[in-house]
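Bear in mind these aren't lab numbers, they're just calculated from the coordinates by the rules spelled out. Since we're looking at a predicted model, the values are computed, not measured. Every residue, glycine among them, receives a Cβ derived from its backbone with ideal geometry; neighbour counts consider all protein chains shown.
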Amino acid sequence: MGDMSQARVVLSPVGGARRAVIAASVGTVIEGYDLLLYGYLAGVLATRFFPADDPTAALLNTFAIYAVGFAVRPIGGVVFGHVGDRVGRRPALAASMLLMAAGTLGIGLLPTYQSIGVWAPVSLLICRLVQGFAIAGEYVGANILILEHAADGRSGRAVSANQVAVYVGVAAAAATSLLLASSLTPAQLAAWGWRLPFLAAVPLALVGLYIRGSVPDSPALDAPGIVRPRFPLIVALRTVKRGIAVFAGWLVMVTLGGFLLFGYMPSYLTRVVGMDATVAFGANLAAVFALAVGAVAGGHLVDRFPPRTVAIASAVGVAVSVVPGFMLIQQGTFAAAVLGQVIWAVGIGISATVSALLSASQFPVPIRFAATGLAYNVSVTVFGGTAPYVSTWLLSRTHDPVAPAWYLAGAALLGLATAVVGWRGPSWMVTGEPCSG
């Protein structure tokens with residue numbers, strides 16, 4: 001690897017940094033929209049792809065496919081991590097976007113259970129596997145591209161834009177679902193309306209590819225002294241095992257909280273709390289906005305204060321607020337649903353920005369994509385992708401409507417322990433040096 005450990009990133013001019021933020025974030029919006037449509041329309045998909053005689057079993061099976069679709073994410077993380085470190089950040093992101101569009105379009109074209117029986121859920125699973133493989137390279141690669149273009153002292157604010165982009169994509173999926181639920185009858189939505197947002201994947205992907213094509217690849221990979229290893233992941237597993245463990249441990253709270261909010265809460269509000277679908281989507285959309293506010297606040301905080309301190313504060317905030325939030329939601333009003341989600345969503349947004357910066361501090365440039373991709377996608381697979389299924393299962397076993405909140409509170413305590421015990425390295429900089437801890 002030569003003198004990889006001593007190489008520093010050459011930061012790009014402000015204009016280049018701004019273009020990188022815009023291009024990376026636009027792609028993240030599109031892929032976030034593609035991925036989260038499934039969660040928001042899970043209630044409708046359950047009636048289209050499974051027998052209608054047991055609605056609870058149909059919803060569980062729909063969420064099971066949602067979770068299994070994440071099982072290939074570690075594989076995708078390895079593949080895209082290798083491409084991102086060996087070939088470049090931008091080619092990896094382009095391939096990810098094209099694959100995601102193919103999987104999303106496929107869902108929109110699938111025949112239903114009433115037409116082809118058991119082959120309908122099998123086909124749905126295949127499309128979800130394609131989506132899961134594709135998304136493994138998007139969020140990680142976009143964060144890294146932004147960080148490696150960022151101006152010194154503004155890394156947090158720059159990368160927070162990509163966290164906001166995630167939530168804008170989620171909000172787009174939520175808003176689309178809200179529009180469909182409010183403008184179509186339940187029969188129309190079930191018959192054909194659910195297909196429309198999935199069919200929009202191809203034109204959106206073409207727009208994203210065009211915008212990203214105007215931005216140069218990361219200046220970090222071509223900086224003096226950078227040597228790209230032949231097998232980045234092998235080098236990462238040999239040299240930054242502790243960093244991978246710390247990164248994955250912190251992400252448990254981030255991914256569980258995020259996917260609980262935008263992958264499960266719409267169904268929770270309608271099926272458990274008994275809210276009207278339109279009101280439930282609106283309340284959840286407000287909570288997603290709170291996630292974005294938290295992400296922006298996190299960017300400013302980590303540029304001003306030690307990120308470890310910000311991480312500890314956000315973990316404590318989530319741990320103490322999520323159970324009262326779920327209790328408040330049980331009142332069943334729009335205001336209670338909004339406030340009950342918002343009080344812990346802000347902490348999740350802050351912690352997401354912290355996690356993006358953690359990638360830069362823990363992993364050197366030549367193995368950054370591979371190491372981050374592995375840690376991130378394993379955590380998302382185990383905890384994020386299973387969040388709706390595990391939450392539904394906990395409710396069915398305990399009959400306690402607050403059970404999902406206790407699950408997230410436990411994850412927040414794990415995040416707190418990771419920040420307190422695991423984060424010993426001080427090098428919160430976009431550099432080519434590995435974390436000194």
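Structure values in brief
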| quantity | calculated |
| --- | --- |
| Leu109 versus Leu125: modelled label distance in nm, points set 7 Å from Cα along the beta carbon direction | 2.2 nm |
| Among Gly213, Gly298, Gly103, residue whose mean-square fluctuation peaks in a GNM of the chain (springs only between Cα atoms under 10 Å) | Gly213 |
| Near-label residues of segment 233-269 by backbone N, under 14 Å of a point 7 Å along Cα→Cβ of Val421 | 245-247, 249-250 |
| In Hz, Karplus ³J(HN,Hα) per residue of segment 36-49 (6.51, -1.76, 1.60; θ = phi - 60°; x = Gly, Pro) | 8, 3, 4, x, 5, 9, 4, x, 6, 4, 4, 7, 8, 10 |
| Segments 63-74, 387-398 sorted - mean Cβ within 10 Å per residue, highest first | 63-74, 387-398 |
| Principal-axis tilt of helix 119-135 within the chain, Cα atoms, nearest 10 degrees | 20 degrees |
| Among Ala64, Leu291, Pro219 the positive-end extreme of the charge dipole of the chain (Cβ point charges) | Pro219 |
| Calculated FRET value between Ser396 and Gln331, using beta carbons and R₀ = 25 Å, to 0.05 | 0.65 |
| Value in Å of the Kirkwood radius, where the chain supplies the Cα pairs that are averaged | 21.4 Å |
| Neighbour-count ranking [beta-carbon atoms within 10 angstrom, fewest first] of Leu36, Leu374 | Leu374, Leu36 |
| The chain: most fluctuating residue of Ala352, Ala411, Ala223 per GNM, C-alpha cutoff 10 Å | Ala223 |
| Tilt relative to the chain, helix 138-147 - C-alpha long axis, 0 to 90 degrees, to 10 | 40 degrees |
| Listed peptides 399-407, 341-349 by packing density, highest first (mean Cβ within 10 Å) | 341-349, 399-407 |
| Packing-based exposure ordering (other Cβ within 10 Å, fewest first) of Tyr139, Tyr167 | Tyr139, Tyr167 |
| Simple label model, 7 Å out from Cα along Cβ direction - Arg238 to Arg304, nm | 4.4 nm |
| In Hz, Karplus ³J(HN,Hα) per residue of segment 234-245 (6.51, -1.76, 1.60; θ = phi - 60°; x = Gly, Pro) | 4, 5, 4, 5, 7, 10, 10, 4, 5, x, 4, 5 |
| Added length on full extension, which subtracts the Cα-Cα distance from 0.36 nm per residue, Val207 to Ala57 | 50.2 nm |
| Net length gained if the chain between Ala245 and Val118 were fully extended (0.36 nm per residue, minus Cα distance) | 41.8 nm |
| Karplus-derived 3J(HN,Hα), 6.51/-1.76/1.60, for each residue of segment 407-415, Hz, glycine and proline x | 4, 5, 4, x, 5, 5, 5, 5, x |
| Cα long-axis angle, helix 307-329 against the chain (0 to 90 degrees, to the nearest 10) | 10 degrees |
| Listed residues Gly282, Tyr407, His82: farthest to the positive end of the dipole of segment 4-422 (Cβ charges) | His82 |
| Of Gly325, Gly117, Gly106, the one that fluctuates the most in a GNM where the chain has Cα springs shorter than 10 Å | Gly117 |
| Cα-centre dipole for the chain with unit charges at Cβ (Lys and Arg positive, Asp and Glu negative), debye to 20 | 720 debye |
